[in-house]
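Heads up, the thing below is written out as structure tokens.
Throughout, read-outs are computed from the coordinates displayed, never taken from laboratory work. Since the model is a prediction, treat every value here as computed from it, not as a measurement. Every residue, glycine as well, gets a Cβ built from its backbone with ideal geometry; the counts of neighbours run over all protein chains shown.
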């Protein structure tokens, strides 16, 4: 099956700085890559996603890039704010199209 | 729409006890999933279903069972609870339409086995 690795496991940034979280995947057939934000004690919420036919996608301060050749994708958050503090998970849709495989998460802390 | 509803929100079980975690969705999604999330860890897939009457094992199915008699319901059964099953359990559902997946999580069930 698919193997998704995520780095770093923890990340602290000053408010206003940018944050970058990186994920790699193993199955070249994977074609859909969502990112989830999980605040403490709450459910994961989809924040952005990207499909394999696209190299980059932006939504206000959040962007995701995908490099299919290298099999890695990254989440970029610009102008970070304290409310961005949360755990972020990347995921990849496996080649059967039925299972999502999640990274181990990145705990982001934005320091005011 | 209520989305994905999980019950109970919290539960403490003694070793060897059994229980069923309930999951219901009202979005007519075909796909449903059960994950467990251990402290500081990611989400591990326990079981999933691509439609009523169909279930498949995920990465960590041992110690669990599921059924999918209707599109709406996807209960998770623990037969002989063990401390290793202490975790937060999330149910999720999704659809597939034109490359969109509409993945939605429930609010989670925090289970402690003592």
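Brief remarks on what is shown
- Pair-distance profile P(r), taking every C-alpha pair of the range B:5-51, with 10 angstrom steps and integer %: 19, 47, 30, 4
- Average Cα contact separation per residue, the range A:20-68, under 8 Å, 6 or more apart, as relative contact order %: 27
- Across A:46, A:66, A:75, mean-square fluctuation computed from a Gaussian network of chain A (C-alpha pairs under 10 Å connected) peaks at A:46.
- Largest mean-square fluctuation among A:33, A:89, A:100, in a Gaussian network model of chain A whose springs join Cα atoms under 10 Å apart, belongs to A:100.
- Restricting the calculation to Cα atoms, the protein assembly as shown shows an Rg/Rh of 0.97 when the hydrodynamic-style radius is the Kirkwood one.
- Fully extending the segment from residue A:61 to residue A:5 would add 17.8 nm, taking 0.36 nm per residue of separation and subtracting the current Cα-Cα distance.
- Of the peptides B:34-41, B:59-66, the ranking by mean beta-carbon count within 10 Å, highest at the top, reads B:34-41, B:59-66.
- Computed from the C-beta positions of residue B:20 and residue B:96, the FRET efficiency with R₀ = 25 Å rounds to 0.35.
- Cα-Cα separations in chain A greater than 19 Å, expressed as whole percent: 40
- Restricting the calculation to alpha carbons of chain B gives Rg and Dmax of 13.5, 46 angstrom.
- Computed FRET value (nearest 0.05) for residue B:56 with residue A:14, which takes r as the C-beta separation and R₀ as 41 Å: 0.35
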